[in-house]
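Have a look at the structure below, then the notes.
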């Protein structure tokens, strides 16, 4: 069995997750790809070199059993898990009179509860092995409250989770990185965004954090397109 490190990515079927998978594969990582779109995951596995390099698992991040199954699948398939990237996320239109309350609940469950479950699922294993790297997709919106944005509130929560987790594991070699992008042109938006970052830009930031020596903990990467003021 290969000794190459293993990275679990949620929300891996498109956007930042898929781009990170491609860059990580090029950097020598093996991948456990988790998302709700099984067909897209399987196509990505084929692209990345097949089942020796990547595995696909349908996963709803709001389901605790699914999150536990993702960690278990990485360990069973590859014999190790070195890093976990809690990347799955859902957006919403701004305005507290916009969107349905059902959409609000789904967003809160995915962005906040789902990220917390990702931490919980990986943390026990990281503590057992005495090493590991937890990465979370936050947002510039998690640093600056946007008008009428419940999405922004969810990303403030992710920022807080990253800081809270880092404090919890401060006496261990476990590393924690918050990836906080500005506007990124991904399927997250209904229409293409001009002058925005690309998913590959964020993927390179993830790989930068992952590639540092074990004694270096990249706490946060805040990354905006050059024309984004806020």
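Checking segment 145-165 against the condition returns no match, with no residue being within 19 Å of the chain's Cα centre (by Cα), in contact (Cβ under 8 Å) with a residue 24 or more places away in the chain and assigned to a loop (DSSP other than H, G, I, E, B).
Among residues that are touching a helix residue (DSSP H, G or I) at 6+ places or on another chain (Cβ under 8 Å) and within 11 Å of residue 6 (Cα to Cα), residue 81 is included. Exactly one residue among 41, 81, 57 is at pLDDT 95 or above, within 17 Å of the chain's Cα centre (by Cα), assigned to a loop (DSSP other than H, G, I, E, B) and at negative phi, and that residue is 81. When the test is whether a residue is within 30 Å of residue 103 (Cα to Cα) and exposed (fewer than 14 other Cβ atoms within 10 Å of the Cβ), residue 219 does not pass it. Taken over segment 183-215, the criterion of being farther than 22 Å from residue 25 by Cα and modelled with pLDDT of 95 or more is satisfied by 215 alone. With respect to residue 74, is the statement that it is modelled with pLDDT under 95 and either under 28 Å from residue 220 (Cβ atoms) or assigned to a loop (DSSP other than H, G, I, E, B) (or both) true? So residue 74 fails the test.
Screening residue 166 against (1) surrounded by fewer than 20 Cβ atoms within 10 Å (Cβ to Cβ); (2) in contact with a strand residue (DSSP E or B) (Cβ under 7 Å, 6 or more places away or on another chain); (3) farther than 13 Å from residue 134 by Cβ; (4) at pLDDT 95 or above leaves a single unmet condition, (3). Would you confirm whether any residue within segment 105-115 is modelled with pLDDT of 95 or more and touching a strand residue (DSSP E or B) at 6+ places or on another chain (Cβ under 7 Å)? Yes, there is a match, as at least one residue in segment 105-115 is modelled with pLDDT of 95 or more and touching a strand residue (DSSP E or B) at 6+ places or on another chain (Cβ under 7 Å).
The values are calculated or read from the model by the stated rules, or taken from the named source; none is laboratory data. The shown structure was predicted, so the numbers you read here are calculated from the model rather than taken from an experiment. Here Cβ is always computed from backbone atoms with ideal geometry, including for glycine, and neighbour counts include all displayed protein chains.
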